[in-house]
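See structure below.
The values are calculated or read from the model by the stated rules, or taken from the named source; none is laboratory data. Quick caveat: nothing in here was measured; it's all calculated off a predicted structure. Cβ sites come from the backbone with ideal geometry, for glycine too, and all protein chains shown count toward neighbours.
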Amino acid sequence: MSRLTFVICLFAAAFVALAAGCPASDREALLAFKASLNEPYLGIFQTWSGTDCCRNWYGISCNPTDQRVADINLRGESEDPIFLKAGRSGGYMTGSISPSICNLDRLTTIIIADWKAISGDIPNCVTSLPSLRVLDLVGNRLSGRIPPAIGNLRKLTVLNLADNDLTGDIPPSIVQMSSLMHLDLRSNRISGQIPSDFGKLTMLSRALLGRNQLTGTIPSSIATIYRLADLDLSMNRIGGCIPEQLGEMPVLSTLNLDCNAISGQIPGSLLSNTGIGILNLSRNSLEGSIPDVFGPKSYFMALDLSHNNLKGKIPGTLTGAKYIGHLDLSHNHLCGPIPIGEPFERLEASSFDSNDCLCGNPLRTC
């Protein structure tokens with residue numbers, strides 16, 4: 001066969017595939033997926049008709065070369081015309097996620113988000129989808145455990161399971177997800193400890209695990225995640241001390257550890273790190289004094305150290321910071337005069353309430 005003949009045959013095969021539309025097996029898998037769900041207001045599944053699921057099926061996209069289903073993108077909050085036509089900004093869907101979704105073995109994206117009432121388990125078989133890059137199931141009522149073999153998804157960059165009712169622990173295999181950049185497990189009932197080797201997730205930029213029932217301590221290996229900018233472990237049951245290494249992270253800008261059982265002293269490296277702009281350590285059992293390590297490059301949009309057992313004076317170096325926006329030192333055991341100058345001259349008394357013997361503006365005179 002000549003090269004020209006080969007190219008002609010290749011184009012002919014591609015044309016036949018395009019003309020035929022999506023394979024019958026993909027269409028059947030989507031219809032089985034649809035059968036386990038009920039969406040009563042928008043009529044999005046009414047668009048799922050005809051033999052070609054690659055054309056005009058709401059939320060479905062196909063690979064243009066082979067017409068295999070590549071993306072399922074069903075968001076319950078959208079400005080899409082189908083929402084506007086129904087006079088709604090959000091949708092409501094009940095039912096469960098059928099394991100038939102796993103028959104779509106070329107999927108790169110699964111977004112079934114913000115439908116409020118989709119329940120049941122996450123099908124374990126999703127961990128067998130070799131090309132999956134985005135798994136976003138936020139804002140439903142999913143229960144059960146995160147699939148134990150989630151680490152098989154080596155190409156996954158986004159895992160968002162927030163705002164559901166998931167239980168069990170964080171699977172140890174999660175650290176095998178070498179491409180993961182965004183992890184959001186907030187607002188579930190996930191328990192157990194954060195894997196000690198969490199630092200193997202070297203591509204991670206956001207780790208959001210707040211509002212769960214996590215216990216144990218903060219793994220020091222987290223500090224080795226060079227790209228990590230946002231770490232939220234708030235509203236859990238985490239104890240132990242804050243690893244000193246967290247303050248040495250070069251990209252970390254937001255750290256929320258509030259509402260835990262963390263003890264020990266505040267590492268000076270956290271307060272002297274000029275990249276951290278939001279730091280919330282409130283409602284823990286932190287002790288000792290506030291490290292006097294602020295400088296002309298210190299820039300905190302929010303610094304909350306309230307509801308701890310901190311003692312001593314308010315650091316005078318805070319007045320030399322480049323910027324301190326919100327500052328809350330209330331409900332501690334601080335004593336002595338409040339420093340004069342920025343940011344103290346614009347703060348209200350609530351920032352200093354319920355300490356042992358603080359004095360000066362905006363409290364009583366010393």
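I need the full set of residues from segment 65-90 which are under 25 Å from the mean Cα position of the chain (by Cα) and closer than 20 Å to residue 30 by Cα, in order please.
Within segment 65-90, 70, 71, 72, 73, 74, 75, 76 qualify.
Could you please find all residues in segment 310-347 being over 19 Å from residue 298 (Cβ atoms) and either at pLDDT below 95 or of a type in the set (S, T, N, Q) (or both)?
330, 332
Does residue 142 satisfy the condition of being in contact with a helix residue (DSSP H, G or I) (Cβ under 9 Å, 6 or more places away or on another chain) and either under 22 Å from residue 201 (Cβ atoms) or at pLDDT 95 or above (or both)?
no
Do we find that residue 65 is at pLDDT below 95 and over 19 Å from residue 44 (Cα atoms) in this structure?
yes
Being within 16 Å of the chain's Cα centre (by Cα) and over 17 Å from residue 151 (Cα atoms) is the filter here, so list the residues in segment 191-205 that pass it.
Scanning segment 191-205 gives a single hit, 205.
Could you grab me the full set of residues in segment 181-216 that are touching a strand residue (DSSP E or B) at 6+ places or on another chain (Cβ under 9 Å), surrounded by fewer than 18 Cβ atoms within 10 Å (Cβ to Cβ) and β-branched (Val, Ile, Thr)?
Listed by number, the list holds a single entry, 215.
Filter segment 158-180 for residues that are touching a Leu at 6+ places or on another chain (Cβ under 7 Å) and surrounded by fewer than 17 Cβ atoms within 10 Å (Cβ to Cβ); which is farthest from residue 225 (Cα to Cα)?
Going through the qualifying residues, I end up with 165.
Please work out which one of (1) buried (at least 16 other Cβ atoms within 10 Å of the Cβ); (2) assigned to a loop (DSSP other than H, G, I, E, B); (3) without any contact (Cβ under 8 Å) to a residue 24 or more places away in the chain; (4) not hydroxyl-bearing (Ser, Thr, Tyr) is the condition residue 22 fails and give its number.
For residue 22, the exception is condition (3).
Could you please give the count of residues in segment 66-95 that are more than 13 Å from residue 39 (Cβ to Cβ), out of contact with any helix residue (DSSP H, G or I) (no Cβ under 7 Å at 6 or more places or on another chain) and either among the hydroxyl-bearing types (Ser, Thr, Tyr) or not in a loop (DSSP other than H, G, I, E, B) (or both)?
Residues in segment 66-95 being more than 13 Å from residue 39 (Cβ to Cβ), out of contact with any helix residue (DSSP H, G or I) (no Cβ under 7 Å at 6 or more places or on another chain) and either among the hydroxyl-bearing types (Ser, Thr, Tyr) or not in a loop (DSSP other than H, G, I, E, B) (or both): 8 in total.
Which residue pairs have Cβ atoms under 9 Å apart, sit 6 or more places apart or on different chains, and have a first residue in segment 35-63 that is free of Cβ contacts under 8 Å to residues at least 12 places away in the same chain and surrounded by fewer than 16 Cβ atoms within 10 Å (Cβ to Cβ) and a second that is among the small types (Gly, Ala, Ser) and not in a loop (DSSP other than H, G, I, E, B)?
Final answer for the pair search is none.
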